[in-house]
Amino acid sequence: MVELADRLSEAAWKIRNLEDYDRRLERAAQRFDEISRERPEPALIVYETALKKSGRSEDEIRGMVREFRETFEDEEEPLTIPRASAIMSVEGDGWFFGDENLRVLTGRLLGQFQHRVAQYNYVEEREVARRWADGYDTRLFVRRRIHETEPVIGVVGGLDLTLFQYLRVAAGGNTLVPTENVFRALGALGYEGDAYEALAHAEGLALHLELPAPIVGEMLEDLGHEGFDDFPEPPSETAEPGEKDEEVVPSEGGAAEEKPSPAD
């Protein structure tokens, strides 16, 4: 744990001491702010997440979500999770690029969140979604790599870690999506491992940078996209004068003991 903390601290130093750190931070914060302001209702966040499983482009997916909203939006009856769920249960596969599996996945996810919303009286759906995204159980199940059985998502299959994290971030969670670019940036900082380890490293890095994880995710996304690897190196620690005279040496039995001073 100490070694990991030291590595995270060193990685944070490297990022914080980039010549263009302030510019990168400002750009990441602006982009995250824009994304946050453009977030649709929680029901459509779930819908959009499920559509991403299709592999279609962002423009196609957002276009479909926009068309769905324009078709069923009603000033007197907002697109809540229960209403969206009811609409999708009777609509055809056309709203899901002709893929019945995406329609089933969306319905199941909405059903799980509808159950959670019902448990919180007088709490807005956005806040319910955010509590799920940042909840202890959610974070614990991700760390244990068993997110498919997370209580809110239930036993709904079909969401890999990337989509699961996309849903958490879109719901307002203080986390990030372990994309290929994020993975590449972490590799340049000296980290290795799978997507779960990359996520843990990136979240730890955010703590050391004292920044929201989604903003750090945007910074890493940029660095990875650029293929940036010219990070500054922290200054090497030098021993103080006289330190070597008090070094610790192993005793005959193998235990460490201090080297006696001349006065002894």
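The values are calculated or read from the model by the stated rules, or taken from the named source; none is laboratory data. In this text, all values refer to a predicted model and were calculated from it rather than measured experimentally. Cβ sites come from the backbone with ideal geometry, for glycine too, and all protein chains shown count toward neighbours.
Tabulated values for the structure
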| item | result |
| --- | --- |
| Matching residues, region 182-199, being of a type in the set (Ser, Thr, Tyr) and either part of a loop (DSSP other than H, G, I, E, B) or modelled with pLDDT of 95 or more (or both) | Tyr191 |
| Yes/no for Asp74 being assigned to a loop (DSSP other than H, G, I, E, B) and more than 20 Å from the chain's Cα centre (by Cα) | yes |
| Per-region count, region 56-71, residues under 26 Å from Trp132 (Cβ atoms) and assigned to a helix (DSSP H, G or I) | 8 |
| Considering residues of region 135-160 that are modelled with pLDDT under 55 and assigned to a helix (DSSP H, G or I) only, the residue surrounded by the fewest Cβ atoms within 10 Å (Cβ to Cβ) | Thr149 |
| Any hit, region 47-55, residues being out of contact with any helix residue (DSSP H, G or I) (no Cβ under 9 Å at 6 or more places or on another chain), part of a helix (DSSP H, G or I) and surrounded by fewer than 17 Cβ atoms within 10 Å (Cβ to Cβ) | no |
| Residue within region 29-45 that is at pLDDT 95 or above and assigned to a loop (DSSP other than H, G, I, E, B) present | no |
| Subset tally (residues that are more than 17 Å from the chain's Cα centre (by Cα) and surrounded by 11 or more Cβ atoms within 10 Å (Cβ to Cβ)) for region 27-46 | 7 |
| Residue that is surrounded by the most Cβ atoms within 10 Å (Cβ to Cβ), among those in region 200-254 that are at pLDDT below 90 and in a helix (DSSP H, G or I) | Glu246 |
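Every residue, every condition in (1) over 18 Å from Leu167 (Cα atoms); (2) assigned by TED's automatic domain parsing to the domain that holds Asn101; (3) in contact with a strand residue (DSSP E or B) (Cβ under 6 Å, 6 or more places away or on another chain), yes or no:
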site: Ala12; (1), (2), (3): yes, no, no
site: Tyr21; (1), (2), (3): yes, no, no
site: Ala28; (1), (2), (3): yes, no, no
site: Ile45; (1), (2), (3): no, yes, no
site: Ala50; (1), (2), (3): no, yes, no
site: Lys53; (1), (2), (3): no, yes, no
site: Arg62; (1), (2), (3): no, yes, no
site: Arg69; (1), (2), (3): yes, yes, no
